[in-house]
Amino acid sequence: MKVFNPAKIRERRKKLKLTQEQLSQLAKLSRIHLIDIEMGRKIPSAAVIAKLSDALKVRVNYFFKEV
């Protein structure tokens, strides 16, 4: 089974040298919502994962891990 891995957001964001504010603007999300997702406090919808995927230039499956 695959589960969402919020640490991958921060990992990719840091690699691209983006702040949370910059990523939230690119993904058209509020900064607070992004922080909650990145910290694992909220599980994003499929639509939000798609926005993050586009903003971070990765495939959707990048954010998932096998458990």
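The values are calculated or read from the model by the stated rules, or taken from the named source; none is laboratory data. Because the structure is a prediction, the values reported are computed rather than measured. Using ideal geometry, Cβ is built from the backbone for each residue, glycine included, and neighbour counts are taken over all protein chains shown. Only protein heavy atoms, including side chains, enter the accessible area calculation; ligands, DNA and RNA are left aside. Shrake-Rupley method; radii C 1.70, N 1.55, O 1.52, S 1.80 Å.
Scan segment 6-57 residue by residue and report those that are among the polar types (S, T, N, Q), touching a helix residue (DSSP H, G or I) at 6+ places or on another chain (Cβ under 6 Å) and closer than 26 Å to VAL67 by Cβ. The answer is SER53, and nothing else.
Checking segment 55-63 against the condition returns a match, with at least one residue being assigned to a helix (DSSP H, G or I), among the hydroxyl-bearing types (Ser, Thr, Tyr) and open to solvent by 30 Å² or more (accessible area, probe 1.4 Å).
Please go through segment 44-54 and pick out each residue that is surrounded by 12 or more Cβ atoms within 10 Å (Cβ to Cβ) and either of a type in the set (Asp, Glu) or assigned to a helix (DSSP H, G or I) (or both). Quick ask: steps written out before the conclusion?
Going through segment 44-54, the residues surrounded by 12 or more Cβ atoms within 10 Å (Cβ to Cβ) turn out to be 44, 48-54.
Answer for segment 44-54, where residues must be surrounded by 12 or more Cβ atoms within 10 Å (Cβ to Cβ) and either of a type in the set (Asp, Glu) or assigned to a helix (DSSP H, G or I) (or both): VAL48, ILE49, ALA50, LYS51, LEU52, SER53, ASP54.
Of the residues ARG41, ARG10, the single one that is open to solvent by 40 Å² or more (accessible area, probe 1.4 Å) and in a helix (DSSP H, G or I) is ARG10.
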